Amino acid sequence: MLVADEVNKAVSDIIRRVRSQGDRAVLDYTNQFDGLGATSSADLIVTTEQLQAALARVSENQRLALSHAAERIRNYHEKQKQSSWRYEEADGSIYGQKVSPLSRVGVYVPGGKANYPSSMLMLAIPAQVAGVKEIVATVPTPYGDDGNLVFAAAALAGVTKVFTVGGAQAIAALTYGTETIPRVDKITGPGNIYVTVAKKQVYGEVGIDMIAGPSELTVICDGKTDPDWVAMDLFSQAEHDEQAQSIFITTDAEFLKQVKSSIDKLLPRMERREIIEASLRNRGLLILADDLATAARASNLIAPEHLEVSVEDPEHVLGMIEN
């Protein structure tokens, strides 16, 4: 990952100061970068009562949507759970693998350009399913109704502690611990370049999930799906960042035109239109492939973060997917 020297230095300085000064540094950086106006570390704590109040404040439709999403995420990750196993050789030697949950995990929920209740669910619920005893979430200061949704999601996901802290200072606090924010065993969750560089710099001091870049989605479709659905799926990643990559591959020339029309029709209605528009302009592609085998080869070359296969026989296409 190529990063400008000034970013690396800025992140190093933040980490060093948080490690040595704890809450004082976290408070200063949060006020500086997020404009929180906090006077003490207590202002950074979101209590269990506040989380439950946020859940009570959201609309019934929003609560149902969050609950439905949480249930589906939980069902998916239940199937990923690993089990301990062992066996004994003829000479009496015993071999095996013991699978144990981490004691405490930190989840970084991004919030610089928008608030993401979905990220809270996607990060916290797998930890809960795995049996992690304590889930600590950091969220760059959320505002208004969107912030309520993030906190409501935290309540549904069983998050233990929430702090309104973001950026490299949050990563440093979770890595080394402060007077208020506990040290964790592993940090998960995406963020901006400062968060990504911070995770890279603290790796080894704490476990991390990955060094994430901008969101990527490739959709392979045979033309049998509602083009509006395809357009909205492309938007779902494009809205994250101007550098997000959303690519559509189809074998049907007429359907490609329909998806393009759906994009043009729906884009003006999107709250994050400018970011979506910039992302699609700079990094988006609509590709016409000769057949599904060609579409699969193109996807393998792209090797996207997320791949959606919307065809009549998805197993056939998945058999050709390698990356």
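Modelling each spin label as a point 7 Å along the Cα-to-Cβ direction, I'd like the Arg272/Ser67 distance in nm, to one decimal.
In this crude spin-label approximation the distance works out to 2.6 nm.
With just the Cα atoms of the chain, tell me how far they stretch along each of the three principal axes, in Å, largest first.
Largest to smallest, the principal-axis extents are 67, 60, 47 Å.
If you average the alpha carbon positions of the range 41-110 and of the range 21-35, how far apart do those two centres end up, in angstrom?
29
Count of lysine pairs in the range 118-239 with Cα atoms under 20 Å apart, counting only pairs 8 or more residues apart in sequence or on different chains? Don't jump to the answer; show the numbers that get you there.
On the way: Lys133/Lys161; Lys133/Lys186; Lys161/Lys186; Lys186/Lys199; Lys186/Lys200.
Lysine pair count for the range 118-239: 5.
What are the ³J(HN,Hα) couplings of the range 65-81, residue after residue, when phi is run through the Karplus curve with 6.51, -1.76, 1.60 and θ = phi - 60°? Round to Hz, x for glycine and proline.
5, 5, 5, 5, 4, 4, 5, 5, 5, 5, 4, 4, 6, 4, 6, 8, 4
Which far-off residues, 5 or more places away or on another chain, put their amide H under 5 Å from the one on Ile287, with H placed in the peptide plane?
Distant-sequence amide H within range of Ile287: Phe248, Ile249, Thr250.
For the pair Ile94 and Leu286, what calculated FRET efficiency results from E = 1/(1 + (r/R0)^6), where r is the Cβ-Cβ distance and R0 = 56 Å, to the nearest 0.05?
Details: r = 57 Å, r/R0 = 1.01.
For Leu286 and Ile94, the calculated efficiency is 0.50.
With no solvent and one point per C-alpha, what does the Debye sum give as log10 I(q)/I(0) for the range 216-318 at q = 0.11, 0.12, 0.14, 0.23 Å⁻¹?
-0.29, -0.34, -0.47, -1.23
List, in order, the whole-Hz ³J(HN,Hα) value for each residue of the range 41-57 obtained from phi through the Karplus relation with A = 6.51, B = -1.76, C = 1.60 and θ = phi - 60°; use x for Gly and Pro.
In residue order, the calculated couplings are 4, 4, 5, 8, 8, 9, 6, 4, 5, 5, 5, 5, 5, 5, 5, 6, 7 Hz.
So how tilted is helix 227-238 from the main axis of the chain? Cα-based, degrees 0 to 90, rounded to 10.
Value to nearest ten degrees: 30.
Name the residue from Ile287, Thr225, Ile276 whose Cα lies farthest towards the positive end of the charge dipole of the range 216-318, charges +1 on Cβ of Lys and Arg and -1 on Cβ of Asp and Glu.
Positive-end residue among those listed: Ile276.
Run through the range 240-295 and list the GluC sites (Glu not before Pro) located in a DSSP loop whose Cβ has at most 13 other Cβ atoms within 10 Å.
Details: sites: Glu242, Glu254, Glu271, Glu274, Glu277; in loops: Glu242, Glu271.
Those satisfying the criteria are Glu271.
Length gain on complete extension for the stretch Trp85 to Ala253, per 0.36 nm per residue less the alpha carbon to alpha carbon distance? Could you put the intermediate results ahead of the total?
On the way: separation 168, 0.36 × 168 = 60.48 nm, distance 5.13 nm.
Difference between extended and current length: 55.3 nm.
Roughly how many nanometres apart are two label points built 7 Å out from the Cα toward the Cβ at Glu78 and Val7?
Reported label-point gap for Glu78 and Val7 is 4.0 nm.
Points 7 angstrom from Cα along the Cβ direction at Ser40 and Trp229: gap in nanometres?
Going from the Ser40 label point to the Trp229 one covers 5.4 nm.
Which value at 222 nm does the chain reach when only helices count, each DSSP H run of 4 or more adding -39,500 (n - 2.57), with the total divided by all residues and rounded to the nearest 500 deg cm²/dmol? Present the calculation step by step, with values, prior to reporting the outcome.
Details: 13 runs with 159 residues, N = 323.
After summing the helix terms and dividing by the residues of the chain, the value is -15500 deg cm²/dmol.
Projecting each Cα onto the charge dipole of the range 216-318 (Lys/Arg +1, Asp/Glu -1 at the beta carbon, about the Cα centre), which of His316, Asn300, Ala244 comes out farthest on the positive side?
Ala244
When DSSP assigns beta bridges and you keep just the ones with both residues in the chain, what percent turn out antiparallel, to the nearest 5?
On the way: 6 of 35 bridges.
About 15 percent, rounded to the nearest 5.
Any idea how far the Cα center of the range 276-312 sits from the one of the range 162-236, in Å?
After rounding, the separation between the Cα centres reads 23 Å.
Explain nothing, just the number: dipole magnitude of the chain about its Cα centre with +1 on each Lys and Arg Cβ and -1 on each Asp and Glu Cβ, in debye rounded to the nearest 20.
Dipole of the chain, to the nearest 20 debye: 1020 debye.
Once phi is turned into ³J(HN,Hα) by the Karplus curve 6.51 cos²θ - 1.76 cosθ + 1.60 with θ = phi - 60°, what whole-Hz value does each residue of the range 33-39 show in order, with x for glycine and proline?
Each residue of the range 33-39 in turn: 8, 9, x, 6, x, 6, 9 Hz.
What is the sum of charges around Ile211, taking Lys and Arg as +1, Asp and Glu as -1, for the other residues whose C-beta is under 11 Å from the C-beta of Ile211? Don't skip to the answer; put the middle values down first.
Working: positive: Lys199, Lys200; negative: Asp209.
Net charge around Ile211: +1.
Calculate how steeply helix 253-266 sits against the longest principal axis of the alpha-carbon atoms of the chain, using the helix alpha-carbon long axis, and give the answer as 0 to 90 degrees to the nearest 10.
40
Quick note: the coordinates plus some simple rules give every number you see, no bench work behind them. On a predicted model such as this, the values are computed, not experimentally measured, just so you know. We place every Cβ from the backbone using ideal geometry, glycine too, and count neighbours over all the protein chains shown.
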